[in-house]
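See below for the structure under consideration.
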Protein chains: 2
Amino acid sequence: MKNKWIIFSMVLGCIAPLNAQTWIWYPGDYEIWLGNQMNNRRTERGAFFPPFWKTDSHYVVIEFSKQLDLAQDEEISLAVEGMYNIKLDGKLQFGMPDKFVVPAGKHKLNIKVWNQQTPPALYVAGKTVKSDSSWKVTYEDKEWIDESGKASDTSTTVYMDAGSWNFNTPAARPSLFRLAREPRQVVAYESVKNGTLYDFGKETFGYLDLAGITGKGRIHIYYGESKEEALDIDACETLDRLDVSGDGRITDLALSDTTLLEENTYILKSSKAFRYVYVVCDPDVGVDKVAMQYEYMPEKYRGTFECSDPQLNEIWKVGAYTMHLTTREFFIDGIKRDRWVWSGDAIQSYLMNYYLFFDTETVKRTIWLLRGKDPVTAHVNTIMDYTFFWFLSVYDYYMYTADRRFVAQIYPSMCSLMQYVLGRTDDDGMVEGMAGDWVFVDWADGYLDKKGQLSFEQVLFCKSLETMALCAGLLNKEQDQLFYAKLASDLRAKLEPAFWNDMKQAFVHNRIGGKQSDEVTRYSNMFAVFYDYLSSEKKQQIKKSVLMNDTILKITTPYMRFYELEALCALGEQKMVMEEMKNYWGGMLDEGATSFWEKYNPSEKGVEHLAMYGRPYGKSLCHAWGASPIYLLGKYYLGVKPVKPGYEEFSITPVLGGLKWMKGTVPVPGGSIEVYMDSRQVKVKADRGCGYVYLSSQKIPECVNGRVEKITAGKYRIWVETKEEVLIRYCSF
Amino acid sequence: MKNKWIIFSMVLGCIAPLNAQTWIWYPGDYEIWLGNQMNNRRTERGAFFPPFWKTDSHYVVIEFSKQLDLAQDEEISLAVEGMYNIKLDGKLQFGMPDKFVVPAGKHKLNIKVWNQQTPPALYVAGKTVKSDSSWKVTYEDKEWIDESGKASDTSTTVYMDAGSWNFNTPAARPSLFRLAREPRQVVAYESVKNGTLYDFGKETFGYLDLAGITGKGRIHIYYGESKEEALDIDACETLDRLDVSGDGRITDLALSDTTLLEENTYILKSSKAFRYVYVVCDPDVGVDKVAMQYEYMPEKYRGTFECSDPQLNEIWKVGAYTMHLTTREFFIDGIKRDRWVWSGDAIQSYLMNYYLFFDTETVKRTIWLLRGKDPVTAHVNTIMDYTFFWFLSVYDYYMYTADRRFVAQIYPSMCSLMQYVLGRTDDDGMVEGMAGDWVFVDWADGYLDKKGQLSFEQVLFCKSLETMALCAGLLNKEQDQLFYAKLASDLRAKLEPAFWNDMKQAFVHNRIGGKQSDEVTRYSNMFAVFYDYLSSEKKQQIKKSVLMNDTILKITTPYMRFYELEALCALGEQKMVMEEMKNYWGGMLDEGATSFWEKYNPSEKGVEHLAMYGRPYGKSLCHAWGASPIYLLGKYYLGVKPVKPGYEEFSITPVLGGLKWMKGTVPVPGGSIEVYMDSRQVKVKADRGCGYVYLSSQKIPECVNGRVEKITAGKYRIWVETKEEVLIRYCSF
């Protein structure tokens, strides 16, 4: 058995393959640049609205290099974004040739590219010489020449493996990347006052089309995720204004040079999120037809879920659609308002994505963008907790993908961010909100104290330090590993003494001046549960005293519900979580949701559901963190998760949680795992990897076409090999 | 007297005026961006040649803000480089208006600009509202909104005074800046082999014109600072190749899209340095006429010098021309080869500039560019000594200009660079070359050990720490001042014990493992002299044992001759220095120099003078550091220098040094100081500031139209008031 697993592990080494012959760049640079394009598309009632944190940019000069050993002379052709030179064995070549012959033998090829506007990028194609992520890149080659003409020893230059995506032809210049588009039609419209309200049937995203524009005057366009918002011309969050000049010219008044005319069809150049559009024209202006170009990231729905409960199926579908709408160039928070990348939102998108698209490139891009460049001048998105979620997301990614190359590329950025955090700890080695820090935790319907040492932040900080130690270990950086492991264990040892309160049988919310507060909130308690930071006994106490205690401040965002329900699942409460999912997400569906919301308080009524941030339509009705059932159903009902990085080894712990039957697919690197379960049987098939099915404690396998192992009393493990369907008939008691 | 000086000091407060109604940007950003354009114009035989250190770039999103208090409503008009929004009192305005009315009363105006390609820049013009350097800028406003719609407390945001130059109209967009051009003609030409050699009469810089191009084929253009270089088609440093296609199209083969056609005149788009141009056409191609567009920074020659010695006058003129050629968008090293900004070169350009153009804007721009952005990943230009020269240049600049605003803007960058240095000191608190550091010192014709603790580097390090303390004090940063002053005094106390050798009566060159080497070089000794780091006795010892000792390794670069001669002047050896200047710079003139060189070894012959870096024409024949007589004559012969910042108080110590007479002008902020001297009299006039003339010890004033003070035996001080010519008749003994 052991040997087989080793071979298997080698096969899996191909999970993150070198992309042969592709455009390459300095890792993170394209991602940051593309992220700026995306983050800066936010508008608020016609005003440009960039983020309030430092916007980084790419290195403008990059040297790409490769050691070659050619059997024969080889002509290479180059495509380059930027001005460049070519050095062969240290000798500069004339001009900027797009073809170049490298002679047979061992050679060092260096290509240096300058580009202020878009990231320096390179595509090299020859018979054997191909640009890919095995090329080295640096922003500083330090190759000075002394008076005698001798080059400096550049052995200290820091080289990185090049970054890449899927731009695999010379014409596919990275800076030209655009998402896909498809036309979509209005499903209903009606006259309202002096305008027309168009309904596209469900939440959507893209560019409005206006055809057959006549006359002279102004066209006002008001967008709404809800009918109320579209019709509220003074308060809707997004809008456009066009001037029709009578001579066929149309000007977009909000953001100039954002218009395009195509055969009497006018396509807006700025994208918006909406279901409804309210178009109001000046008396002399007419619009014949309104339609749209739906814009999306092409994704394969590799994860699936179906079960005996139609409502849950609908929840899964609307969750998947919510995820798809918010999976764009990056995983963004919501499509209407911010359209920004936020770390706390993103880590949940990653986790859901592992059970839906398994789009690893978008995970990496988002992690790069969030991190930005040194120097670190603020927390990620300026939010302390979001810094910690960023760390956690890196190791999550590694566990799901086994992509060690990425960890190696991002590790220096992890260190400098952690250095920033460590430079801001207090005398207890804990983090407290300092001037300029946003201590977020959650949007809560009640007062959350943000002062002093928050138990929630310390738990995340501790997990982040553990992540640093894990990544350092993975990269064989022993000194770093020891350093971070020590910090992590020191902090972990302080958590219970500092925050555990025996009276409350819970972690208290915070501590100020060494004194515990009276407040208990769910946040640190639920994280401590699924991080396994407490004894089983204490975890069970928390379940009762906090998680299932209605006097504790309720969570009203799907964001923290994600973790709350995960904690309950980790405690085996799938049945209760199922009811919660049906109530909470089902509640949104009952309110007419076609995608899941930023926040949902079941006790609110009507238009109260639309308000947030002191604005009547401030709330996002399509928010990535609303889609968490995708994750919960995949990980805690189908029960599939990686045990070794990249699903080299996996475990399946299927739990019906009250359903009659369920079936689903969980994507893994280069394949998938299929699970079916009803009250009598479990069927499992994996086309990559090896693993095992755990039956929960009240189930006994009766008939299995595979190896069964009894672990402890009433606990069984059934082995799963690649491509063999395992059928387990069981009885419950 | 005291009161008068205070008033006077207030007048001088206008030296660095707020530029009313001008384009503004984040300080340093435009400078770095423009510097990239310039540094990246270097070519080597047709190949693009960017620097080997990290190329930084501007912040791509900047918020500009201003607190307003208007007596009445005011319409402002905006010109912006980038996409932008406008916030009035926190409320975003629709679109990107180019006009906007600010209501009467107190208001906060915030304008946020995004620009990836060129620095975000803003021009605002109203009746009273004007963009200038009193506007605040930040790259990170941290203005997040909580759920209730409340904005975060942004009191911790770091704001800077905006940067600006002289772009004072809406149309003068900073990104469009170009140097001035003027047509220049060939002075001679001759046929050589199958081409034509054109001579422009002297070293020059610009763009070649080719008129009347006919036929089909290739035109080869070889540039030379010398005739030999232009004619050596295989080894000349710069060249161009053009393809004439017969249909009127001409392609620049070296760097595409760098060509321009104007009515049958073809102007090359890439500039070169040359005196000679050798043009070789394919048999079927003809060129009717060759000319050029001379490119230059418009500068007023505010400093002048004339004397009884025609050779010295010629040296001054050629030095001034050398300075003018190398004073471009920035102070660059030389015009042919690097065309880069180098810190060690630049600090000398600054000092010469204070006695020639007094172009303070180019000093500031160059300091910003050299510093770049955080994080610091290497020494300035990768060279340890160049890091230290950078620090020194900031305080020099302050002394000559009294521009405290600039010191405040750059101070955070000084701190982070010093932090980098302090992170690389050894157990003695001294700097040693570490992996990746270039320890330069000088291009020496002999072995210079670069290992261990170099006395030269410690002297510069010590002076840099003193500079930090001075700047911190200037900005009332008391803690910083104490911190750096302590480090400086600690290091200074170590210099003599570590490096002084009584046997050698000098600082030794270096110390390895705590052991002094046997070597004595001029570098640390001469710096210790004019930094006044040693007793008078030891300084006199050094003069004999090092400076005037022919067995000590000779200096053959004008770069270190600058300091060597300065040290001798500081020791009162103007007569000897005069002879040296005439021999050394006169020697270059005798060799036919029309601008001064990167290096000159009088013992070399013929084409030996052209070689460097292992290449026959590697040497730059127009190198800024070659112009040092400009500085020496101004500071040590005319003898003018600031005593208080910005010449609020100045001293004049005129020394003929063997000349029969001399007269000259030294520019000061907003005016100039004129000095005339012959064997019988000194005449001085200053139209700004107050100061005094010192007569050297062997001169006694006989008749003076001003106040004379005897300081010590044989030493006199004569007071100079604004705009009053002071005439001093003296006798020598």
**Complete:** Among the DSSP H helices of chain A, those whose Cα atoms extend at least 18 Å along the helix axis and whose mean Kyte-Doolittle hydropathy is 0.0 or higher are A:384-401, A:404-422, A:455-474
**Request:** Answer with one residue from A:684, A:712, A:668: the one whose Cα lies farthest towards the positive end of the charge dipole of region A:657-733, charges on Cβ with Lys, Arg +1 and Asp, Glu -1.
**Result:** A:712
**Asked** What relative contact order, as a whole-number percentage, does region B:608-733 give when Cα pairs under 8 Å and 6 or more residues apart are counted?
**Response** 18 percent
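Averaged across orientations, what area in nm² does the convex hull of the alpha carbons in region A:454-581 project?
Average of the hull's projected areas for region A:454-581 equals 8.7 nm².
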**Request:** Give the peptides B:672-678, B:473-479 in descending order of average Cβ contacts within 10 Å, highest first.
**Result:** B:672-678, B:473-479
**Request:** State, in angstrom, two size descriptors of region B:308-377 derived from its alpha carbons: Rg to one decimal place and Dmax to the nearest whole number.
**Result:** 13.8, 53
**Asked** Among the residues of region A:590-619, which ones have their accessible area go down by 30 Å² or more when all the protein chains sit together, as opposed to their chain alone (1.4 Å probe)?
**Response** A:613
**Prompt:** Stretched out fully, how many nm does the piece from residue B:698 to residue B:536 gain, at 0.36 nm a residue minus the Cα gap?
**Reply:** 56.4 nm
**Prompt:** With +1 on each Lys and Arg Cβ and -1 on each Asp and Glu Cβ, how big is the dipole of the protein assembly as shown about its Cα centre, in debye rounded to the nearest 20?
**Reply:** 1340 debye
**Item:** Test item: A:111-118 mean partner chain Cβ contacts at 10 Å
**Value:** 4
**Message:** For peptide B:56-63, what's the mean number of Cβ atoms from other chains within 10 Å of each residue's Cβ?
**Reply:** 5
**Asked** Given +1 on the Cβ of Lys and Arg, -1 on the Cβ of Asp and Glu, and no further charges, what dipole in debye does region A:300-344 carry about its Cα centre, rounded to the nearest 20?
**Response** 240 debye
**Asked** Roughly what % of DSSP beta bridges within chain A run antiparallel, to the nearest 5?
**Response** 95 percent
**Fill in**
Per-residue average of other protein chain Cβ atoms inside 10 Å, peptide A:92-98 -> 6
**Item:** Label zone at residue A:550, where the point sits 7 Å out along the Cα-to-Cβ direction: region A:573-599 residues whose backbone N lies under 15 Å
**Value:** A:580
**Message:** Using Cα-Cα distances under 8 Å and only pairs 6 or more residues apart, what relative contact order does region A:304-410 have, in percent?
**Reply:** 22 percent
**Fill in**
Charge dipole of region B:159-212 built from unit charges on the beta carbon (Lys, Arg +1; Asp, Glu -1), centred at mean Cα; most positive-end Cα among B:188, B:162, B:204 is B:162
**Message:** Among A:453, A:469, A:423, which residue has its Cα furthest toward the positive end of the charge dipole of region A:377-473, with +1 on Lys/Arg Cβ and -1 on Asp/Glu Cβ?
**Reply:** A:469
**Request:** Please arrange A:74, B:591 by accessible surface area, largest first, computed with a 1.4 Å probe and ligands excluded.
**Result:** B:591, A:74
**Fill in**
Rounded to a whole number, the Stokes-Einstein D of chain A in µm²/s (Kirkwood radius over Cα pairs; 37 °C; 0.692 mPa s) is 117 µm²/s
**Heavy-atom surface of the protein assembly as shown, accessible at 1.4 Å and reported per residue (Å²)** = 37 Å²
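Looking at the protein assembly as shown, send over the antiparallel percent of its DSSP beta bridges, to the nearest 5. Before the final figure, lay out each step's value.
Working: 272 of 282 bridges.
Percentage antiparallel, nearest 5: 95.
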**Asked** Per the helix-only calculation at 222 nm, which mean residue ellipticity applies to the protein assembly as shown, given -39500 (n - 2.57) for every DSSP H run of n ≥ 4 and division by its residues, nearest 500 deg cm²/dmol?
**Response** -8500 deg cm²/dmol
**Request:** Compute the label-point distances linking residue A:473 to its equivalents in the other copies; points lie 7 Å from Cα along Cα→Cβ; give nm, one decimal, shortest first.
**Result:** 5.4
**Message:** List the trypsin sites (Lys or Arg not before Pro) within region B:574-616 that DSSP assigns to loop and that have no more than 11 neighbouring Cβ atoms inside 10 Å.
**Reply:** B:605
**Asked** Can you give the percent of C-alpha pairs in the protein assembly as shown whose distance is more than 52 Å?
**Response** 39 percent
**Calculated FRET value between residue B:177 and residue B:605, using beta carbons and R₀ = 25 Å, to 0.05** = 0.05
**Item:** region B:644-675 residues near the modelled residue B:300 label - backbone nitrogen below 18 Å, point 7 Å along Cα→Cβ
**Value:** B:647, B:664-675
**Most to least packed among B:341-351, A:103-113, A:302-312 [average Cβ atoms within 10 Å]** = B:341-351, A:302-312, A:103-113
**Asked** Nm distances between the label at residue B:489 and the same-position labels in the remaining copies, 7 Å along Cα→Cβ, shortest first?
**Response** 4.5
**Request:** For residue B:211, go 7 angstrom from Cα along the Cα-to-Cβ vector, then report the distances to that same point in the other copies in nm, smallest first.
**Result:** 5.9
**Carbon/sulfur fraction of accessible area - chain A, other protein chains in place, 1.4 Å, %** = 50 percent
**Request:** Could you order peptides A:284-293, A:181-190 by the average number of other Cβ atoms within 10 Å of their residues, highest first?
**Result:** A:284-293, A:181-190
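The values are calculated or read from the model by the stated rules, or taken from the named source; none is laboratory data. Keep in mind it's a predicted model, so treat the numbers as computed, not measured. Here the Cβ is made from the backbone with ideal geometry for all residues, glycine too, and neighbour counts use every protein chain on show. Accessible surface is based on the protein model in full, side chains and every heavy atom, while ligands, DNA and RNA are left aside. Shrake-Rupley method; radii C 1.70, N 1.55, O 1.52, S 1.80 Å.
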